[in-house]
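Chemist: Can you read through this structure? Questions will come right after.
Laboratory data are not the source of any read-out in this text; all were calculated from the coordinates shown. Please read these numbers as outputs of a predicted model, since none were measured by experiment. Here the Cβ positions follow ideal geometry from the backbone for every residue, glycine too, while neighbour counts run over all protein chains shown.
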Amino acid sequence: MISCRRGLALAAAGLTVVGGTFWGVYRLTDGARTSTAGEAVTLYDVRDARQVAGTADDVFAGEIVDRAGERDIAGIFSDLYEVRVDRSFKGDLAGTVTVSHEQGAVPLIAGESYVFATGRVPDTRTHAVLLETSPTPFTSLTAPIGPAAAGITTAGRTVAEYWSWAVDHEMDVTSDAATSGDAPARRA
């Protein structure tokens, strides 16, 4: 009878260790957002335009010309859109570019304008919307920006001023200073 109790106690202790380990991993990743594909974890706060700008290869305002199809990369499906670049805040995009936007997200509408934060897709001419971000709709670059996000004041800023500011103050999320808010600005 004693060995049975001891076995149960050891099993309970083992489950406690395993449960504690999973809880610790969960707590360490609390706040990190995962892709709907379940394969990636973002290292930046998607609500902070400075961190989004620091992660993006390009930040630009553009109008959706048309949906241009879809693509499948390793089982991750994306819709493709032709976007006419109206203004580039970061990078040197101009003219019409192809933007890849994860399926399952809110579809983009032809004729509507958005601010995009994208990464260049290697070996293609496509620019992918950053994971867990959504293109920000706007009616005019001179219109006031919406409510503040992640503690950033937007009072009195236009859409263009806000994104220019975010790029000018972008945060390198690969450094420890990014989490403390002391990261130096980095321009591409």
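Chemist: Would you please put 92-99, 59-66, 139-146 in order of how densely packed they are, using the mean number of other Cβ atoms within 10 angstrom per residue and starting with the highest?
Modeler: Ranking, from highest mean packing down: 59-66, 92-99, 139-146.
Chemist: Continuing with this model, one more query. Given axes a ≥ b ≥ c from the Cα gyration tensor, I'd like to know whether the stretch 90-141 is rounded (a/c under 1.5), prolate (a/b larger than b/c) or oblate.
Modeler: Note, shape of the stretch 90-141 comes out oblate.
Chemist: Karplus couplings for the stretch 84-100 from phi (6.51 cos²θ - 1.76 cosθ + 1.60, θ = phi - 60°), rounded to Hz, Gly and Pro as x?
Modeler: Whole-Hz 3J(HN,Hα) from phi for the stretch 84-100: 8, 6, 8, 7, 9, 8, 9, x, 10, 5, 8, x, 10, 10, 9, 10, 9.
Chemist: Same structure again: Tell me, what ³J(HN,Hα) does each residue in the stretch 55-67 have, in order and in whole Hz, if you take phi through Karplus 6.51 cos²θ - 1.76 cosθ + 1.60 with θ = phi - 60° and put x for Gly and Pro?
Modeler: For the stretch 55-67, the Karplus-derived couplings read 8, 6, 7, 9, 10, 8, 9, x, 10, 5, 7, 5, 7 Hz, x marking Gly and Pro.
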